[in-house]
Number of protein chains: 2
Amino acid sequence: MVKQPNPARRSERSRQAILDAARELVSEVGYAKLTIEAIAARAGVGKQTIYRWWPSKGAVVLDAFLALSEAGPERSMALPDTGDVAADLKTVMRATVAEFADPAFEGPIRALNAEIINDPALAAQYREKLAGPVDEAKKDRLRSAQRAGQLAADADLDLALELLYAPLYQRWLLRTGPLTPDYADALVEAFLKAMNPA
Amino acid sequence: MVKQPNPARRSERSRQAILDAARELVSEVGYAKLTIEAIAARAGVGKQTIYRWWPSKGAVVLDAFLALSEAGPERSMALPDTGDVAADLKTVMRATVAEFADPAFEGPIRALNAEIINDPALAAQYREKLAGPVDEAKKDRLRSAQRAGQLAADADLDLALELLYAPLYQRWLLRTGPLTPDYADALVEAFLKAMNPA
């Protein structure tokens, strides 16, 4: 008897091929010129396969990033918590700097950010599905530092996250300076001084 | 004798009409869909008039922003310097918050930022012609505060400007929170704490 291919496994293979194709193509041609046709051709599936799972181009691209993030170092999302907030944040910011210096990672994220800027609906989806949960994990680490008396107990954690991450985000996005481990450390030190409980 | 129109004045009127049209259209349709044809039609001039003065769409749009900036509150670029660095920076950041809350201002700047993210050459022009000189004026104010012993003398002024402005930039660009006078003040206070000479 001829063995049939497993439909669930084939389905997962197609899904992965579509997400990989979307991520590659958005880096290569940009979001504006990306088409469902091109994703289907690159992934070796029919257009209808894509439309069966995703309602729009934006939805495919966003899932492609979610998959990247799930496969990456932020898989569990929780930040390290050794009790030494300076060391832990330096570890995290150095890893972030390394990610943004990696073309395979930063290319697609750059394309997604350019799109989000002009598309409030995609921005809201991005916040809800990706940025929001990651920010909550970061705030958990800051709350732990607050409990340990290392950060001001009344600090505004939204502002705190912006102080820590926005300089790096802007430097990366506008290409205004080098992203180095020293830069990561300097940011953490300025952040801790600003958030000092004293 | 029939009076001839003054060619220099007519030229300046056309130039201004082209810059206004570019700024309006980039807000309305986005940079990607903006064409020299559409700018010419809106401005009531021929395409050749535009190409006589500017080599590319990017060059017209960038000059449109430079004109906006020259006509705006940053005309002189120098920041206020009353000797009270906290008060002066709050004045500046509150004005910046107000600008980014104004659709007539923020729409074109948003379109330009989305383009800059994907276009390193335009980003370099933007830095050289617009962001660079503005940043130098901001650093002059910080240097004055350093001389007055209000900011750490060894502070990295590039990092300092990022700490002060990038949180606002990110919040505006990603629409992640409200831009209010209180937010401007909170940013200045966190910044001064981070840069404290003590």
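The values are calculated or read from the model by the stated rules, or taken from the named source; none is laboratory data. All of these numbers come straight from a predicted model, not from anything done at the bench. Here the Cβ is made from the backbone with ideal geometry for all residues, glycine too, and neighbour counts use every protein chain on show. Ligands, DNA and RNA are stripped out before the accessible areas are found, and what is left, the full protein with its side chains, is counted by its heavy atoms. Shrake-Rupley method; radii C 1.70, N 1.55, O 1.52, S 1.80 Å.
Here are some notes:
- Averaged over residues, the count of other Cβ atoms within 10 Å places the peptides A:116-126, A:184-194, A:132-142 in the sequence A:184-194, A:116-126, A:132-142, highest first.
- Computed log₁₀ I(q)/I(0) - Debye formula, equal Cα scatterers, no solvent, chain B, q 0.11, 0.19 Å⁻¹: -0.60, -1.32
- Around the Cα centre of the protein assembly as shown, unit charges on the Cβ atoms of Lys, Arg, Asp and Glu (plus for the first two, minus for the last two) sum to a dipole of about 1580 debye.
- Under conditions of 37 °C and 0.692 mPa s, segment A:7-56 yields 302 µm² s⁻¹ as its translational diffusion coefficient, taking Rh as the Kirkwood radius over Cα pairs in the Stokes-Einstein equation.
- Shielding of A:163-173 by partner chains, average beta-carbon count, 10 Å: 6
- Expected 222 nm ellipticity per residue - DSSP helices of 4 or more, -39500 (n - 2.57), all of chain B, to 500: -22500 deg cm²/dmol
- Position B:GLN125, label points 7 Å along Cα→Cβ, spacing to each other copy in nm (shortest first, one decimal): 3.2
- Largest first, the extents of the alpha carbon coordinates of the protein assembly as shown on the three principal axes equal 103, 59, 30 Å.
- The charge dipole of segment A:7-56, taken about its Cα centre with unit charges on the Cβ of Lys, Arg, Asp and Glu (plus for the first two, minus for the last two), comes to roughly 220 debye.
- Highest GNM mean-square fluctuation among B:ARG42, B:ARG94, B:ARG147, for chain B modelled with Cα contacts below 10 Å: B:ARG147.
- Gain on full stretching of the segment that runs from B:ASP158 to B:LYS193 - 0.36 nm per residue minus C-alpha separation: 10.9 nm
- Taking A:VAL60, A:VAL92, A:VAL45 in turn, the Gaussian network model of chain A (Cα-Cα springs below 10 Å) assigns the largest fluctuation to A:VAL45.
- For the pair segment B:90-116 and segment B:158-198, the centres of their Cα atoms are 14 angstrom apart.
- Accessible surface buried upon B-A contact (total; probe 1.4 Å; Å², nearest 100): 2900
- Global size of segment B:82-198 as Cα Rg and Dmax, reported in angstrom: 14.9, 42
- Size descriptors for segment A:106-147: radius of gyration and Dmax over Cα atoms are 13.2, 39 Å.
- Per residue, the protein assembly as shown exposes 49 Å² of solvent-accessible protein surface, assessed with a 1.4 angstrom probe and all protein chains in place.
- Computed Kirkwood radius, in angstrom, where 1/r is averaged over Cα pairs of segment B:129-190: 12.8
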